[in-house]
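Down below is the structure, laid out as structure tokens.
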Protein chains: 4
Amino acid sequence: YGKNTIKFLRLHKEGKKHFVKEVEVCAHLRLTSPQEYLEGNNSLVIPTDTIKNIVLVLAKKNGIPSLEQFAIDICNHFMTTFCQVAYVKAYVQEVPWQRLHEGGVPHIHSFICVPDGIRFCEAEQCRNGPLIVFAGIKDLKLMKTTQSGFEGFYKNEHTTLPERHDRILCGELFCKWSYGECKDFDFDCIWKKIRECILEAFAGPPDCGEYSPSYQKTVNCIQMLVLSRVSQVQVIEVVLNNTFYNVVDMKNLGLTNDKEVLVPVEAPYGSCACTLGRKKFFEA
Amino acid sequence: YGKNTIKFLRLHKEGKKHFVKEVEVCAHLRLTSPQEYLEGNNSLVIPTDTIKNIVLVLAKKNGIPSLEQFAIDICNHFMTTFCQVAYVKAYVQEVPWQRLHEGGVPHIHSFICVPDGIRFCEAEQCRNGPLIVFAGIKDLKLMKTTQSGFEGFYKNEHTTLPERHDRILCGELFCKWSYGECKDFDFDCIWKKIRECILEAFAGPPDCGEYSPSYQKTVNCIQMLVLSRVSQVQVIEVVLNNTFYNVVDMKNLGLTNDKEVLVPVEAPYGSCACTLGRKKFFEA
Amino acid sequence: YGKNTIKFLRLHKEGKKHFVKEVEVCAHLRLTSPQEYLEGNNSLVIPTDTIKNIVLVLAKKNGIPSLEQFAIDICNHFMTTFCQVAYVKAYVQEVPWQRLHEGGVPHIHSFICVPDGIRFCEAEQCRNGPLIVFAGIKDLKLMKTTQSGFEGFYKNEHTTLPERHDRILCGELFCKWSYGECKDFDFDCIWKKIRECILEAFAGPPDCGEYSPSYQKTVNCIQMLVLSRVSQVQVIEVVLNNTFYNVVDMKNLGLTNDKEVLVPVEAPYGSCACTLGRKKFFEA
Amino acid sequence: YGKNTIKFLRLHKEGKKHFVKEVEVCAHLRLTSPQEYLEGNNSLVIPTDTIKNIVLVLAKKNGIPSLEQFAIDICNHFMTTFCQVAYVKAYVQEVPWQRLHEGGVPHIHSFICVPDGIRFCEAEQCRNGPLIVFAGIKDLKLMKTTQSGFEGFYKNEHTTLPERHDRILCGELFCKWSYGECKDFDFDCIWKKIRECILEAFAGPPDCGEYSPSYQKTVNCIQMLVLSRVSQVQVIEVVLNNTFYNVVDMKNLGLTNDKEVLVPVEAPYGSCACTLGRKKFFEA
């Protein structure tokens, strides 16, 4: 089992207009024989340096039409070229460069980095097995300042948490889904649609929001909305790393703090995760 | 000399619409006597815990009309309340929460974190001295994929860098400026205007850009544009942490790479900085 | 599925001598019913805050005799107390405080943080299943400046790496092993013994070292030595994150560099991993 | 003003025994003319790439006898070679590789990274000015579990902190000192001596410790001890980034917690700093 990480930029021009993709690629390989480990026999080993060259050559020849297509290209190349490869996985993650706009006008060759959620994908294949494609978003930080509570939970002698019906809901979202059989999907379009579903399910209607009784239920709402709206998604995993905020008690300071000043609670730091498929329910 | 850092959220409602500011505040104090250090006499020491309480109380009472006004409020409070304070500095930095939009409609209580440059400010004062206000932006990552070169530099026997007239210009920008006498400035409006100047000076006109002969010259262009457009700015400092990209040599792999695939060069990692004022030129 | 992280310090005195353990505990729980996710019904949910209280109460009552025993205590508590818990995992990691010595004399209450490899452990249990204990070390950075090469690897048209018989071997080691049925093991003693095995297998005899034909073979040597010396270990996983160093080519600068000056190669960044058990060979 | 950072390894053999220094070097240059900024005239600019080559060539030719000597060599080279350089500063920081020992026997070519405080130095010079050498230690984490309190501090209506006479004293230390005129100092030996002074002043006698009435007083004790024991030190700056620990209140949980279980307080995060010289007192 070996993996390695390569970071590079792919430029491309249409007339005078420039397009840029900066990606980090991580390729994992497993060989059919463990002889490199057991015997120190390197004759089947594909060096990290060679893997880097292959990824760069593929980027040069094919470009990066979409992250997913590039990951598929990498898998296909390794499976086709090297009979000693038993398993390959290609992870591709994007640096979120966006075209600069000046007064509403797009700039032909200038870009700004806007990391409001990072797009990534994965393609993996075992020899003689199907090619499976995953896509996802990570480091997406969201907050609702109301319409969130946590009540009716299990209580015993170790319980000190009060029930709350108007707290802050804030967290960092990780979301990863798998596609079924891939037949010429428009991966860019689907990804944008799913991102919108996530935001909508998290926030609720713009004029009033929607009450969240727990982080867990919000996770489930996101999954249900994506599965209902995007037919290409087979299974969806969501992890929400919570940031809790406490209303500062200002009684000692002679003030009433009506949820105006809050401090983040560093520990305990919580996280909830759930994986949901079309037919079967997996809770991991 | 002591400082401390506090992170908190300030919520505020207008009807059903929520507004949120999450800030990190760092207060530095220097006392008139070093007796706490030399003698272990704590009688003048203002504990970290008290400083935290004061910052939170000010946020509760005054809100955070702008980062700059909040920093000014903190300085004023410490100078007015504690005669043992010889110097105070308040640094305030914002977590870049932006209102969520769904299909163009702003959401009344949901926010997304968009860190495309972080806004900060500083107010500082010595006893009997003027209050000075600084503002700035940091962690702003920008890239130009053309219209940048580096030629005609000094050469000797240690020079191996080739001249280039079409390279990538990419870096992380830090920009900090001071205001003169503050008379009811609209700090939010000025900050946005300066951010636009920075982007414009970096990128040049949207349809063709503007050639940059060096990182240094681009730094100077940013400073000149801000000083010419924004009269309230007295002195402006710009630091550009460069990321270099090398075109991958693919000759050994039998391919011609016409600035299509590039890799970031981790080391040497460079940086250039300059401070420019209205009358006098300081190069630090 | 939910987890949370708590960091705390446990002090303990024997006469005037102080003992300190600072740990980070992460508890994962899975409940028997997904109703919290699907229906927003919180009646079985054990809040993060309650989990934190339980961990702190256990630390207060039992102390932390060893990381492993503390992880076992946490698992036992949750399984015994909450019938709605289907699965529990407790991860415990230590902040590497070491007693200060002055002129060889140990200090009774002062400590220094020495992060030369971080100790951690994990205990996990499914309802009606056995309790399984893992232990490990991570962030252990090691280097051999000779007795390492990489030759005889697979070559094709994408190969540019030269063969090397005297390179630097440097990397960050992660090592995790499982114990069989735990009957009053001295976990501290076993952990120290395994750490010594790792260092010995990595470095070879002090006077001459031992030639490593690849990162992979070194990984295997570590596993074999641990399995042969420490009978309590059932399965051992090793991951070696490699740092490559290149000898700087100084021909252009008129100098011969005989492996005297080397620079780290940031990308590609490689990693090799292997899991080895007593009877069966798993390569993951 | 420009700077850049280079990381490299310097190997050196004595017979079969290997010696390794891995350093990060940051060179700052300021030129006599700002024409590169103002006019985009690069004719005096020394490219980052050339600076890197010079640093590597110096390491190859001179080795790294000590961090300080290497920093001095860099300054001398730039001042002597380039008449357009008005100011040069060389910062050198060490990766803390230590020789591995097996059963007490030192290994001839294997090393382990032990980051219990990072050694660094700085040499700087203005044209026609003296060469000044600084050295220091950073990221040194220390803890005292008793013999520390904080009492008698200033109180007003915003005070909520109780007085404490038996708290934890824990922090990350940064310490930097300057040497006077450098005449063949044994920099390695002096550095080790100062590190011992720091530990001794922080901890007090091994059998009983010494009471610290505040972080500030501990900072001062460190400075006083170094100045009294090490005559080569002219000025010494100490910054102590405090980590506060709170005894967990377990009354609600029916338990008495006699300073046995404590949690770190993430915010407010404090820091105190002081600079002390031989004759004059500076408090920055």
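Can you give the mean number of other chain Cβ atoms that lie within 10 Å of the Cβ atoms in peptide C:193-206? Mind showing how you got there, number by number?
On the way: counts 0, 0, 0, 2, 0, 0, 6, 5, 0, 4, 9, 5, 4, 12.
Partner-chain Cβ atoms within 10 Å, mean over residues of C:193-206: 3.
Send over the per residue convex hull volume for region D:73-169, Cα only, as a whole number of Å³.
Output value, Cα hull per residue: 236 Å³.
In whole angstrom, note down how far apart the Cα centers of region C:188-251 and region D:26-100 are.
Each part's Cα centre sits 38 Å from the other's.
Over 21 Å, how big is the tail of the calculated P(r) for region A:2-129, in percent of all Cα pairs?
Within region A:2-129, distances greater than 21 Å cover 47 percent of Cα pairs.
Normalise the Debye intensity by I(0) for region B:55-104, one equal point scatterer per Cα, no solvent, then take log10 at q = 0.14, 0.28, 0.29 Å⁻¹ and round to two decimals.
Debye curve over Cα of region B:55-104, log10 I(q)/I(0) at q = 0.14, 0.28, 0.29 Å⁻¹: -0.46, -1.11, -1.15.
Counting other beta carbons within 10 Å of each Cβ, put C:Trp177, A:Trp191 in order, fewest first.
Neighbour counts put them in this order, fewest first: A:Trp191, C:Trp177.
Based on the Cβ-Cβ distance from D:Arg278 to A:Asp184, what FRET efficiency comes out when R0 is 51 Å, to the nearest 0.05?
Details: r = 77 Å, r/R0 = 1.51.
According to the calculation, E is roughly 0.10.
Taking the beta-carbon count within 10 Å as an exposure proxy, list D:Val226, C:Val114 from fewest neighbours to most.
C:Val114, D:Val226
Report, please, the projected area of region B:138-211 averaged over directions, based on the convex hull of its C-alpha atoms, in nm².
7.5
For a quick check: sort B:His12, B:His18 by the number of other beta carbons within 10 angstrom, fewest at the front.
B:His12, B:His18
From the label point of C:Asn62, set 7 Å from Cα along Cα→Cβ, how far away are the matching label points in the other copies, in nm, ordered shortest to longest?
Shortest to longest, the spacings are 5.1, 5.2, 5.8 nm.
Between rounded, prolate and oblate, where does the protein assembly as shown land on the alpha carbon gyration tensor, with a ≥ b ≥ c its root eigenvalues, rounded for a/c under 1.5, else prolate if a/b exceeds b/c?
Rounded.
Below 10 angstrom from the Cβ of C:Gly209, what's the summed charge of the other residues (Lys, Arg +1; Asp, Glu -1)?
That works out to 0.
Shortest first, in nm, what separates the label point of B:Asp139 from those of the same position in the other copies (7 Å along Cα→Cβ)?
1.0, 2.0, 2.1
Quote the FRET efficiency, to the nearest 0.05, computed for B:Asp207 versus A:Thr81 with a Förster distance R0 of 30 Å and r equal to the Cβ-Cβ distance.
0.10
Taking θ = phi - 60°, what integer Hz values does the Karplus form 6.51 cos²θ - 1.76 cosθ + 1.60 yield along region D:221-230, in sequence order, with x for Gly and Pro?
For region D:221-230, the Karplus curve yields 4, 4, 4, 5, 5, 4, 5, 6, 9, 10 Hz.
Once phi is turned into θ = phi - 60°, what whole-Hz ³J(HN,Hα) does the Karplus curve with 6.51, -1.76 and 1.60 give for every residue of region A:134-145, x standing for Gly and Pro?
Per-residue couplings from phi come out as 10, 9, x, 9, 9, 6, 9, 9, 10, 8, 10, 8 Hz.
For region A:142-281, what Kirkwood radius comes out of the mean inverse Cα-Cα distance, in Å?
Radius from the Kirkwood sum: 17.0 Å.
Give me the compactness ratio for chain C, meaning the Cα radius of gyration over 2.2 N^0.38 Å.
Rg over 2.2 N^0.38 Å, computed on Cα atoms: 1.23.
Using a Gaussian network model of chain D with C-alpha springs under 10 Å, which one of D:Gly254, D:Gly40, D:Gly117 is most mobile by mean-square fluctuation?
D:Gly254
Give the nm distances, rounded to one decimal, from A:Cys208 to the matching residue in every other copy, measuring between label points 7 Å along Cα toward the beta carbon; shortest first.
Reported distances to equivalent positions: 5.6, 7.3, 8.3 nm.
Given the -39500 (n - 2.57) contribution per DSSP H run of 4+ residues, what per-residue ellipticity at 222 nm results for the protein assembly as shown, rounded to the nearest 500 deg cm²/dmol?
-7500 deg cm²/dmol
May I ask for the angle, rounded to the nearest 10°, between helix D:48-62 and the longest principal axis of chain D, with both axes built from Cα atoms and the value confined to 0 to 90°?
That helix lies at roughly 90 degrees to the long axis.
With the crude spin-label approximation of a point 7 Å out along Cα→Cβ, what separation in nm comes out for D:Arg127 versus D:Leu161?
Those two pseudo-labels are separated by 4.9 nm.
What FRET efficiency would be calculated for the residue pair C:Glu102, B:Thr32, taking the C-beta separation as r and a Förster radius of 30 Å, to the nearest 0.05?
For R0 = 30 Å, the calculated efficiency reads 0.25.
C:Asp258 label point, 7 Å along Cα→Cβ, cut-off 20 Å on backbone N: hits in region D:1-34?
Answer for this model: D:9-21.
Kindly provide the trypsin sites (Lys or Arg not before Pro) of region D:117-195 that DSSP labels as loop, not H, G, I, E or B, and whose Cβ sees at most 14 other Cβ atoms within 10 Å.
Numbers: sites: D:Arg119, D:Arg127, D:Lys138, D:Lys141, D:Lys144, D:Lys155, D:Arg164, D:Arg167, D:Lys176, D:Lys183, D:Lys192, D:Lys193, D:Arg195; in loops: D:Arg127, D:Lys155, D:Arg167, D:Lys183.
Answer in residue order: D:Arg127, D:Lys155, D:Lys183.
None of the figures in this text is laboratory data; all of them are computed from the coordinates on show. Keep in mind the model is a prediction, meaning the values are calculated, not measured. Ideal geometry is used to build each Cβ from the backbone, glycine not excepted, and the neighbour counts take in all protein chains shown.
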